[in-house]
Amino acid sequence: MSNGQKYYITTPIYYPSGKAHLGHSYSTVAADVMARYKRLQGYDVMFLTGTDEHGQKIELNAAKEGISPKEYVDKIVEEFKKLWELLEISNDKFIRTTDKFHEKAVQKIFKILYDKGEIYKGKYKGWYCTPCESFFTDAQAVGKKCPDCGRNVKWEEEEAYFFKLSKYADKLLKLYKDNPGFIQPEARKNEMIKFIEQGLDDLCVSRTSFSWGIPVDFDTKHVVYVWLDALTNYITAMGFGSEDDSNYKKYWPADVHFVGKEIVRFHTVIWPAILMALGLPLPKQVYGHGWLLFGNGDKMSKSKGNVVDPVILCSRYGVDAIRYFLMRDIPFGTDGIFTNESLIKRINFDLANDLGNLLSRTVTMIEKYFEGVIPEEKREGNIDIELISLARSIVNDYENNMNNFKFSSALSKVWLLISRCNKYIDETMPWELGKIPENKDRLAAVLYNLCECLRIVSILISPIMPSTSVEIQKQIGAKKEFCNWKFAREWGILPKNLKVLKGSALFPRIDVEKEIAELEDILNSQKENQKNDEENNIIKLIDIEDFAKVELICAKIKECEPIKKSKKLLKLTLYDGKSDRTVASGISNYYTPEELIGKNIILVSNLKPAKLCGVESYGMILAADCPDGVKVIFIDEIPPGSKIR
Ligand code: MSP
């Protein structure tokens, strides 16, 4: 039933530069849970997701495969869509930045900003790293190498358009001050304030060195550069800049943008500044969630020792189990580690034991003692009052947590009720009541109460586990109309002579040993495939003497702070087992100082010193260049000073 209010929620639009993985699924499942929760409450929901398809990286990937960029993205976008279907994502729209209406709207937006003097023509100069799509200064590109990924850089100078981002610093700070909830969680807001206080540069919004992008229609050798193209999807998908802008009028401003923590900056600095320049309303909130980490703190899905392919996981354990795990195991907003073991434990304990057993015991007893239909005659017991009042208070707690995106806490509240029900069975001992005919009315009340609790549970878990919710309702014979949000707080809604229908187990218990062995086999065959792929690539060989020239040691990060003049560099104070030394590292887009302090890393200790943005740097730390960002290699178990060879 409609409550007359609207709710607009978005996910980031994903780069279709590789396979959609469990990390991407995390953002999308969370947004889906919120969208379903709001629909349950009667909101008119608009849930948007999509893909961010332009840029040089895509152009190069396509060229490597000998196909056009559009052919390349078409293939991957299909895989994203299939994965969302598999995960029961209920998005109302899916935008591709190659959609014609988006391209036209971006051209219009660019022109409006240019005509208003918010965009001007200038020159971009510097050392350019193609894979990172970034320019660097002389000081940053030491030895003509990219400070982020270490690859060769080349000098490039190009005419470019710039957006006057720098003039919005004060307005942005005021926005955060006047709207304390705009950036969430709180810690991310403090990072953004610090970032702006260091001073904002104008933002390059066009490029001429590649062509896979939206042409600037009044200066066609330029294509619109990444973020202006990407961020505007949130309004163009609603029809802004198109003939029919009724959705824009209805749904904008968005209630919340869900984004990963590394792109909070783009959404809370660049995006509001663009909207301010256009004179449009700002989104109400940006929520920066944490990362799902795999294996040794790796953000990507290629993890050692764990099967993490979402398609394989769903086929083995079911979609709802994966959705439940993602929302329950990792408090939204913080990072969390995925392992097969933790997933299997959650399935066995929470889903098979607690929830699955509760349903199957309840329905089995109703079939056994009452041939599937609870008699109307019931006798209340004192113990029932506590169960009923707990059920009521759980709904309030659940709602408070869900409203604040605390999915894990919301679920833990629901599980309090489930555990209480299981205890209620032990306390009331229906098998004893069933032995004495005079107690049949008491037995009927106990089993009815359990069905009422299961009905409430099925409503509350429906945004997270949609199919399980329906299956519970089917087995306890609860018609759809009794499972509305408005009945979540009501007691005694199910018919007095309820008829149940036993079905199969919700979540069969997993034999841990057998399962881990089977997963091992999957991993081995994945490794074999990877090895074959690698062997098919040409590898440049070096002599052992070449490698021996590089001195690698373990060092501990004692202190870390941003370098004021640089957007990318962090200044690290490292203890290398003998003394402290300073190293500048181009990783500030990927890590906050707090995430690095106290970690042990691999240091190239015999690199010639170099001055980077005014900081004398004595060495380099090792990081991996992954498709979705740079990851420092942490080796916390190794003592500082240990030589690595
Ligand atoms: N295209 C940009 C976003 C533009 S939004 C206007 C982008 N794409 S991305 O594909 O690299 O990342 C999309 C989202 O996926 C980000 O929010 C990112 O944090 C999220 N994730 C990718 N891997 C992840 C994990 N391992 N864990 C959680 N989320 C992660 O950035």
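The values are calculated or read from the model by the stated rules, or taken from the named source; none is laboratory data. Remember, it's a predicted structure, so these values are computed and weren't measured experimentally. Virtual Cβ from ideal backbone geometry, glycine too; neighbours counted across all protein chains shown. Only protein heavy atoms, including side chains, enter the accessible area calculation; ligands, DNA and RNA are left aside. Shrake-Rupley method; radii C 1.70, N 1.55, O 1.52, S 1.80 Å.
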The rounded separation in angstrom of the Cα centers of the range 542-616 and the range 19-75 is 34
Measuring with a 1.4 Å probe in the full set of protein chains, what accessible area per residue, in whole Å², belongs to the chain? 45
Find how many whole Å separate the alpha carbon centroid of the range 199-247 from the alpha carbon centroid of the range 77-120. 9
Report Rg/Rh for the chain, rounded to two decimals, where Rg is the Cα radius of gyration and Rh the Kirkwood radius. 1.02
With contacts defined as alpha carbon pairs under 8 Å and 6 or more residues apart, what's the relative contact order of the range 473-602 in percent? 17
For a protection proxy built on the mean count of beta-carbon atoms within 10 angstrom, sort 543-554, 179-190, 633-644 highest first, please. 179-190, 633-644, 543-554
Share of the range 426-539's accessible area from carbon and sulfur, percent, 1.4 Å? 53
Taking 0.36 nm per residue of separation and subtracting the Cα-Cα distance, what length does fully extending Glu528 through Asp309 add? 77.2 nm
The range 73-228: spread of alpha-carbon positions along the three principal axes, whole Å, largest first, is 49, 41, 38
Once Lys and Arg are counted +1 and Asp and Glu -1 for all other residues with Cβ under 12 Å from that of Arg346, the total becomes -2
For q = 0.12 Å⁻¹, Debye-computed log10 I/I(0) when each Cα of the range 369-472 counts as one equal scatterer: -0.45
Taking only the Cα positions of the range 1-133, the convex hull volume per residue in Å³ is 150
Exposure ranking of His267, His24 by accessible area [1.4 Å probe, largest first]: His24, His267
Where does each of Glu481, Glu380 land when they are ordered by accessible area, with a 1.4 Å probe and the largest first? Glu380, Glu481
Which peptide among 582-590, 338-346 comes first, and what is the full order, when sorted by highest mean count of other Cβ atoms within 10 Å? 582-590, 338-346
Hits for the chain under the membrane-span-like helix rule (DSSP H, Cα axial span at least 30 Å, Kyte-Doolittle mean at least 0.0) are 407-428, 440-461
So how far, in whole Å, is the C-alpha centre of the range 349-403 from the one of the range 259-282? 46
Net charge of neighbours whose Cβ lies under 10 Å from the Cβ of Ala230, counting Lys and Arg as +1 and Asp and Glu as -1: -3
Convex hull over the Cα atoms of the range 178-231, averaged projected area in nm²? 5.6
Using the Cα atoms as the points, what is the convex hull volume per residue of the range 388-449 in Å³? 65
Cβ charges +1 (Lys, Arg) and -1 (Asp, Glu), total dipole of the chain, debye: 1180
Beta bridges by DSSP in the chain, antiparallel share as percent, to the nearest 5: 70
Say each of Ser412 and Thr339 gets a label point 7 Å from the Cα, pointing the same way as Cα to Cβ; how far apart are those two points in nm? 2.0
Beyond 21 Å, how much of the Cα-Cα pair distribution for the range 121-201 remains, as a whole percent? 51
Please find the FRET efficiency linking Trp431 to Asn382, where r is the Cβ-Cβ separation and R0 is fixed at 25 Å, and quote it to the nearest 0.05. 0.80
Restricting to Cα pairs below 8 Å that are 6+ residues apart, what does the relative contact order work out to for the chain? Please round to a whole percent. 12
Count the net charge of all other residues whose Cβ sits under 13 Å from the Cβ of Ile76, scoring Lys and Arg as +1 and Asp and Glu as -1. 0
